[in-house]
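Student: Let me give you the structure first, and then I'll get to my questions.
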Amino acid sequence: MLTYKNYVGHLEFDDEAEIFHGEVINTRDVITFQGKTVKEIKKAFIDSIEDYLDFCASNNEEPNKPFSGKFNLRIDPEIHRKAYISARKAGESLNTWVRDAILYSLEHKGENSLRL
């Protein structure tokens, strides 16, 4: 993972082409980059983000910013009630309880790189 101006890049290595390629993963717009060495891929990542920001500015458009951390969740009312009761029993807000449940799920499914 690479980070620049709060944009996060995920990269992979293509054995056949012998090249790194990546994509910014925390925005809805598509921003890609590639390079043959670690130094090249880091530079390409930064250059791609700067190009994207320059493109948006030249077109008087707001760049798609990295995710804000806010999202609406639609669930069955009974699940909502049970989650609220569990949060209250734990002495937590529903927001904190849901966040912890998501982190627990991510950690147990191999996504343990997400830590607060």
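The values are calculated or read from the model by the stated rules, or taken from the named source; none is laboratory data. Quick caveat: nothing in here was measured; it's all calculated off a predicted structure. Here Cβ is always computed from backbone atoms with ideal geometry, including for glycine, and neighbour counts include all displayed protein chains. The area values use the complete protein model at the heavy-atom level, side chains included, leaving out ligands, DNA and RNA. Shrake-Rupley method; radii C 1.70, N 1.55, O 1.52, S 1.80 Å.
Student: Ranked highest first by the average count of other Cβ atoms within 10 Å around their residues, in what order do 39-47, 25-33, 70-78 fall?
Tutor: On the way: 39-47: 16.7, 25-33: 14.2, 70-78: 6.8.
Ranked from most to least packed, the peptides come out as 39-47, 25-33, 70-78.
Student: Run the dipole for the chain about the Cα centre, Lys and Arg Cβ at +1, Asp and Glu Cβ at -1, nothing else charged, and hand back the magnitude in debye, nearest 20.
Tutor: Numbers: 16 positive and 20 negative charges, 197 e Å.
Dipole of the chain, to the nearest 20 debye: 940 debye.
Student: Now, a different point. May I ask for the angle, rounded to the nearest 10°, between helix 38-58 and the longest principal axis of the chain, with both axes built from Cα atoms and the value confined to 0 to 90°?
Tutor: So the inclination is approximately 80 degrees.
Student: Let me ask you something else. With every atom except the alpha carbons ignored, what do you get for Rg and Dmax of the chain, in angstroms?
Tutor: In Å, with Rg to one decimal and Dmax whole: 19.1, 55.
Student: If you don't mind, there's one more thing I want to ask. If each residue of separation counts as 0.36 nm, what is the full-extension length gain between residue 8 and residue 71 once their alpha-carbon separation is subtracted?
Tutor: Values: separation 63, 0.36 × 63 = 22.68 nm, distance 1.87 nm.
Residue separation times 0.36 nm, minus the Cα-Cα distance, leaves 20.8 nm.
Student: Next up: Report ³J(HN,Hα) in whole Hz for each residue of the range 90-105, in order, from the Karplus equation J = 6.51 cos²θ - 1.76 cosθ + 1.60 where θ = phi - 60°; Gly and Pro get x.
Tutor: 7, x, 10, 6, 4, 4, 5, 4, 5, 4, 5, 5, 5, 4, 4, 5
Student: Of 80, 108, which has the most accessible area and how do the rest follow, probe 1.4 Å? Intermediate results must be reported in sequence, preceding the final value.
Tutor: Values: 80 95, 108 120 Å².
My answer, sorted largest first, is 108, 80.
Student: In addition: Gap in Å between the Cα centre of the range 1-56 and the Cα centre of the range 58-86?
Tutor: A separation of 26 Å, based on Cα centres.
Student: Any chance you could count the Lys pairs in the range 31-116 whose alpha carbons are under 29 Å apart, treating pairs 8 or more apart or on different chains as valid?
Tutor: Going through the range 31-116 pair by pair, I get 12.
Student: Residue 81 to residue 101: extension gain in nm, 0.36 nm per residue of separation minus the Cα-Cα distance?
Tutor: Numbers: separation 20, 0.36 × 20 = 7.20 nm, distance 1.53 nm.
Once the chain is fully extended between residue 81 and residue 101, it gains 5.7 nm.
Student: Using the Karplus curve 6.51 cos²θ - 1.76 cosθ + 1.60 with θ = phi - 60°, what ³J(HN,Hα) values do you get for each residue of the range 67-80, in whole Hz, with x for Gly and Pro?
Tutor: Result, ordered by residue: 3, 7, x, 10, 7, 8, 10, 10, 9, 4, x, 5, 5, 4 Hz.
Student: Using a 1.4 Å probe on the protein chains only, how many percent of the accessible area of the range 1-71 belongs to carbon and sulfur?
Tutor: Working: 2600 of 5210 Å².
The computed percentage sits at 50.
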